[in-house]
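Read the structure below first, then the notes.
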Amino acid sequence: MRKLGAEVFDVDSPDADVVAARLHELHRIDPLDLVYERYSLGATTVSEFAEGMGIAHVLEVNAPLQAEASRYRGSEEGDVASSPERAVLGKAKLVVAVSSKVAEFAIDSGAPSENVVIEPNGVDPEMFNPGRAQELGAEAPVPAGRFTLGVHGRLRPWHNLEMLGRVAARLLDEDCDVHVLTIGKGDYAETLGALLPEERFTHLSWVPHPDVGRYVACFDALPLTYAPADDYFSPLKLREAMASGAVPVVPDVGDLAQDVGEAGIIYEPGSESELQEALRGLIQDPGHCSHLSVLAQRQAEGSDWLSIARRTLERALAVTL
């Protein structure tokens, strides 16, 4: 947004009183045109400030947080219909949802449908592109010639990583020359180490953010293994890997098939045999794999963060007029 000429002030604190004081201070010095907030459970301060000052409130919604907290963190789900979240969603002048399922959640939870738009997560093409692998030189994490199955980002329960490990093990049994490369925090080594030979698995537990693109550019394919019930995500790792030239192989869950289009392979959710067949096909047909790699990169380039920011600002300014 700064690149587009907007003056942006960062307000980030777990203390609601600190947030309120900072917003009032900024508005007193130079009246704000809008406030942009990422939806979080129990956070009403920004909404109340925007309403009180007559400023447009733009709310980015990434997930149905109460349901997610209940499922993965054991908290009580509660009822959004009677919660502060309903008021926040209902008062926002613009709700930016990352997927169609998240948009449905927002509308069901009180957001007027005319205020809701869908913008899947994007990518920084300067940070993620195929050429960045050359920066590694002799420090490449995978031996040359091996077909690399890559995963990056913090490991979460819904990633279903065990499925990828089992499929990769069966491909090795078929004499497919595969290697699994994982990047990020989590029990990657513990999970995959029990399923794959040590020499066929490389894990980088932490990489500085500016350098992550170098390693993602080493991926030949990005196999996502989300379970059928996990249908509201817009994975950052999908766009980043596609922009880096990795072929996406994704389950037909949520918006993933639509996001990938003709640039990848779609398989039945939970079907290890279909995932195995898809990856085997890419390994055995390098020409087809290269073709999909080019398509993936082109498709991701149309979803860069700058374009998303421009559209969001244009919509936000429209509702402030």
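The values are calculated or read from the model by the stated rules, or taken from the named source; none is laboratory data. Keep in mind the model is a prediction, meaning the values are calculated, not measured. With ideal geometry, Cβ positions are generated from the backbone for all residues, glycine too; neighbour counts draw on all protein chains shown.
Taking the stretch 193-211, which residues are assigned to a loop (DSSP other than H, G, I, E, B), of a type in the set (Gly, Ala, Ser) and over 26 Å from Gly131 (Cβ atoms)?
Residues of the stretch 193-211 assigned to a loop (DSSP other than H, G, I, E, B): 194-197, 205-208.
Now narrow it down to the ones that are of a type in the set (Gly, Ala, Ser): 194, 205.
Ala194 - this is the single residue of the stretch 193-211 that is assigned to a loop (DSSP other than H, G, I, E, B), of a type in the set (Gly, Ala, Ser) and over 26 Å from Gly131 (Cβ atoms).
Confirm whether Gly245 is at pLDDT 95 or above, over 18 Å from Glu162 (Cα atoms) and touching a strand residue (DSSP E or B) at 6+ places or on another chain (Cβ under 7 Å). First the steps, then the outcome.
Numbers: at pLDDT 95 or above: yes; over 18 Å from Glu162 (Cα atoms): yes; touching a strand residue (DSSP E or B) at 6+ places or on another chain (Cβ under 7 Å): no.
No: the conditions fail for Gly245.
Yes/no per residue for (1) among the β-branched types (Val, Ile, Thr); (2) in contact with a Pro (Cβ under 9 Å, 6 or more places away or on another chain); (3) within 22 Å of Pro251 (Cα to Cα):
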| site | (1), (2), (3) |
| --- | --- |
| Glu85 | no, no, no |
| Ala103 | no, no, yes |
| Ile107 | yes, no, no |
| Ser113 | no, no, no |
| Gly122 | no, no, yes |
| Ala168 | no, yes, yes |
| Tyr188 | no, no, yes |
| Leu195 | no, no, yes |
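Going through the stretch 70-122 one residue at a time, which ones are among the β-branched types (Val, Ile, Thr) and modelled with pLDDT of 70 or more? First the steps, then the outcome.
To start, the set of residues in the stretch 70-122 that are among the β-branched types (Val, Ile, Thr) comprises 80, 88, 95-96, 98, 102, 107, 116-118.
Once the filter is applied, which keeps residues that are among the β-branched types (Val, Ile, Thr) and modelled with pLDDT of 70 or more, the stretch 70-122 yields Val88, Val95, Val96, Val98, Val102, Ile107, Val116, Val117, Ile118.
Looking at the stretch 19-55 only, could you name the residues that are among the aliphatic types (A, V, I, L, M) and touching a strand residue (DSSP E or B) at 6+ places or on another chain (Cβ under 8 Å)?
Within the stretch 19-55, the first condition is being among the aliphatic types (A, V, I, L, M), and the residues that meet it are 19-21, 23, 26, 29, 32, 34-35, 41, 43, 46, 50, 53, 55.
Those that are among the aliphatic types (A, V, I, L, M) and touching a strand residue (DSSP E or B) at 6+ places or on another chain (Cβ under 8 Å): Leu23, Leu34, Val35, Ala43, Val46, Ala50, Ile55.
Picking from Ala229, Ala278, Ala217, which residue would you name as being among the small types (Gly, Ala, Ser), under 30 Å from Val96 (Cβ atoms) and in contact with a Phe, Trp or Tyr (Cβ under 8 Å, 6 or more places away or on another chain)? Even if it seems obvious, please write down each step before you answer.
Details: Ala229 fails: in contact with a Phe, Trp or Tyr (Cβ under 8 Å, 6 or more places away or on another chain); Ala278 fails: under 30 Å from Val96 (Cβ atoms).
Just a single option satisfies the conditions, and that option is Ala217.
Would you mind listing the helices (runs of 4 or more DSSP H) fully within the stretch 75-192 where at least 1 residues are under 21 Å from Thr312 (Cβ atoms), touching a residue at least 40 places away in the same chain (Cβ under 8 Å) and in the same structural domain as Ala227 (by TED's automatic domain parsing)?
On the way: elements: 84-91, 100-108, 161-173.
Of the helices (runs of 4 or more DSSP H) lying wholly inside the stretch 75-192, none has at least 1 residues that are under 21 Å from Thr312 (Cβ atoms), touching a residue at least 40 places away in the same chain (Cβ under 8 Å) and in the same structural domain as Ala227 (by TED's automatic domain parsing).
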